[in-house]
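Engineer: I am attaching a structure below and will ask some questions about it afterwards.
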Amino acid sequence: MKKLMTLALLALVAVGAQAAKKKAPAKNDNKPVFTIVKENPITTIKDQNRSGTCWDYSTLSFFEAEILKATGKKYTLCEAFVANKTYMERAIQVVRYHGDCQFAQGGSSEDVLHTLKTHGICPIEAMPFPGSLYGDSLNNFNEFFGVLEPYVAAISKSDSKKLSKAWKTGMQGILDAYLGKCPEEFVYEGKKYTPKSFMASLGINLDDYVSITSYTHHPFYTAFAVEVQDNWRFPLSYNVPMDEMMQIIDNAVMNGYTVAWGGDVSEDGFTRKGLAYAVDTKKTQQSLKGSDMAKWLKMTASKKRDIIDSLGCTVPEIVPTQEMRQERFDNWQLTDDHGMHIFGIAKDQNGKEYYMVQNSWGETGDYKGIWYMTKAFIAANTMDFLINKKAIPAEIRKKLGL
């Protein structure tokens with residue numbers, strides 16, 4: 001009996017091992033294996049959750065890295081403070097335009113920089129934790145903006161001949177109810193601050209930061225306001241050729257600086273696993289010729305992602321050009337989708353270089369919240385980026401008069 005039980009147990013173990021073997025995912029030899037070229041210190045991965053505040057999270061992460069570089073100190077700055085101030089100021093603009101401009105969750109790095117300069121900042125501990133005021137554990141703007149957008153629309157499209165001051169009080173009440181009230185004073189590590197005095201204590205000069213872009217519909221080495229809806233404050237970006245735009249990013253990273261990047265992540269090559277390639281769909285189709293998967297344009301987005309994931313570091317990429325960037329911007333293909341934080345450079349097993357990019361979707365993907373985005377992807381899909389002007393190569397700074 002004992003022998004039979006032993007044999008039965010061994011059989012069960014064998015069956016279990018066989019089942020586990022069947023469930024084991026197939027190895028993908030094309031998955032990139034990264035070697036770090038340069039990695040600059042950053043703060044923790046954040047999670048914007050169900051909110052359109054990537055611009056807020058990515059730019060504050062950038063400034064946290066700037067403070068870390070300048071002082072060696074780590075801070076977690078408060079996204080809710082910036083959002084509270086920004087949404088009120090954006091609503092005021094929409095009302096001034098009688099509703100003939102957009103009120104939305106999105107924004108730009110300029111919104112964060114403007115807030116830091118104008119209002120200061122507080123640490124995350126000085127305001128309610130994201131989502132806590134309405135019983136959630138992270139941001140969830142569904143109900144919040146379901147209330148806020150109609151409110152702003154009602155005021156901005158009002159038939160009134162004269163608006164009362166009450167609408168701002170009501171607006172502020174909604175902001176404070178969902179985001180928390182911005183503190184006038186708070187105590188941090190035993191010391192009392194106002195948001196402005198706290199900002200002044202962080203060890204960086206806010207006049208050091210400039211925005212860079214690259215388009216041909218304005219002259220190079222001049223500054224213009226990039227024509228996208230979330231650039232609603234109309235800040236100026238310095239316009240440089242695409243090659244110099246990439247040179248600026250490389251120079252920054254290799255000299256210990258990071259970059260607050262804004263661009264297009266709606267492309268097929270941006271995967272949810274933590275990779276981004278500037279996929280050459282024509283060459284990809286050709287490489288899959290003879291199979292059902294070759295009909296690229298008829299495929300669902302998930303099928304395309306599966307193919308890109310399977311090809312991994314061997315996926316054919318386009319060679320971005322200045323003309324290509326301009327054409328895609330003009331025909332609405334190159335859009336302003338997402339803000340992220342570039343902090344490093346790595347190479348795969350074939351020698352291809354990628355930027356290491358901090359996302360704000362929590363520790364998701366194969367790399368726990370970090371994306372590896374090829375230089376071709378960044379060159380093709382950059383809208384603009386915020387950077388410390390000291391990180392710009394001297395010869396380019398001279399051309400820009402910085």
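Engineer: Taking the alpha-carbon distance from Lys196 and a cut-off under 17 Å, which lysines remain once sequence neighbours fewer than 8 residues away in the same chain are dropped?
Structural biologist: Lys85, Lys117, Lys181
Engineer: Can you send over the carbon and sulfur percentage of the accessible area for segment 288-402, probe radius 1.4 Å, protein chains only?
Structural biologist: 53 percent
Engineer: May I ask you to rank Thr335, Thr216, Thr284 by accessible area, largest first, using a 1.4 Å probe over the protein chains only?
Structural biologist: Thr216, Thr335, Thr284
Engineer: Does anyone have the angle between helix 166-179 and the longest principal axis of the chain? Alpha-carbon axes, 0 to 90°, nearest 10?
Structural biologist: 30 degrees
Engineer: Right, here's the next one. Leaving out ligands, DNA and RNA, what percent of the accessible area of segment 32-147 is carbon and sulfur, probe 1.4 Å?
Structural biologist: On the way: 2270 of 4550 Å².
Carbon plus sulfur share of accessible area: 50 percent.
Engineer: Among (1) 40, 29, 24; (2) 87, 27, 14; (3) 30, 29, 21, which is the computed semi-axes √(5λ) of the Cα gyration tensor in Å?
Structural biologist: Read-out from the structure maps to (1).
Engineer: Ordering Tyr151, Tyr75 from largest to smallest accessible area (1.4 angstrom probe), what's the sequence?
Structural biologist: On the way: Tyr151 60, Tyr75 30 Å².
Greatest to least solvent exposure: Tyr151, Tyr75.
Engineer: Normalised by the number of residues in the chain, what is the relative contact order in percent for Cα pairs under 8 Å and 6+ residues apart?
Structural biologist: Values: 662 pairs, mean separation 95.6, N = 402.
Normalised by residue count, the contact order of the chain is 24 percent.
Engineer: For the pair Cys101/Arg272, report the inter-label distance in nm, with labels modelled 7 Å from Cα in the Cβ direction.
Structural biologist: Taking the simple label geometry, Cys101 and Arg272 are separated by 3.6 nm.
Engineer: Quick check: with the 1.4 Å probe, what order do Leu68, Leu138, Leu163 take by accessible area, largest first?
Structural biologist: Leu163, Leu138, Leu68
Engineer: Continuing with the same structure: My understanding is that a pair violates if its Cα-Cα distance is over 23 Å; which of Lys38/Lys389; Lys298/Lys352; Lys273/Lys347; Lys283/Lys352; Lys38/Lys73; Lys27/Lys304 do that in this structure?
Structural biologist: As for pairs spanning more than 23 Å Cα to Cα, those are Lys298/Lys352.
Engineer: Let me ask something else about it. Count neighbours as other Cβ atoms within 10 Å of each site's Cβ, and list the chymotrypsin sites (Phe, Trp or Tyr not before Pro) in segment 302-402 that are DSSP loop with at most 13 such neighbours.
Structural biologist: Details: sites: Phe329, Trp332, Phe343, Tyr354, Tyr355, Trp361, Tyr367, Trp371, Tyr372, Phe377, Phe385; in loops: Trp332, Tyr367.
Listed in order of number, the matching sites are Trp332.
Engineer: Just how far, in whole angstrom, is segment 339-357 from segment 62-122 if you go by their alpha carbon centroids?
Structural biologist: What the calculation gives is 27 Å, centre to centre.
Engineer: Tell me the per residue accessible area of the chain using a 1.4 Å probe; a whole number in Å² is fine. Provide the component values of the computation, followed by the final result.
Structural biologist: Details: 19780 Å² over 402 residues.
Accessible area per residue: 49 Å².
Engineer: Right, next: Rolling a 1.4 angstrom probe over the protein chains, ignoring ligands and nucleic acids, what is the accessible area of Glu89 in square angstrom, nearest 10?
Structural biologist: 40 Å²
Engineer: For the residue pair Asp136 and Thr281, what label-to-label distance in nm results when each label sits 7 Å from Cα along the Cα-to-beta-carbon direction?
Structural biologist: If labels sit at Asp136 and Thr281, their model points lie 3.3 nm apart.
Engineer: Rounded to the nearest percent, how much of the accessible area of segment 153-265 (1.4 Å probe, protein heavy atoms only) is carbon and sulfur? Display every interim value, and only then the final one.
Structural biologist: Working: 2940 of 5610 Å².
C and S fraction of accessible area: 52 percent.
Engineer: Still on this structure, I have one more. Return the aspartates and glutamates within reach of Lys157: Cα separation strictly under 13 angstrom, same-chain partners fewer than 8 residues apart disregarded; answer none if there are no such residues.
Structural biologist: Asp100, Glu149
Engineer: Helix 109-118 versus the longest principal axis of the chain: what is the Cα-based angle in degrees, 0 to 90, to the nearest 10?
Structural biologist: The two axes meet at around 40 degrees.
The values are calculated or read from the model by the stated rules, or taken from the named source; none is laboratory data. What you are looking at is a predicted structure, and each value in this text was computed from that prediction instead of being measured. As a convention, Cβ positions derive from the backbone with ideal geometry for all residues, glycine included, and neighbour counts pool all protein chains shown. The accessibility values were calculated without ligands, DNA or RNA, using every heavy atom of the protein model including side chains. Shrake-Rupley method; radii C 1.70, N 1.55, O 1.52, S 1.80 Å.
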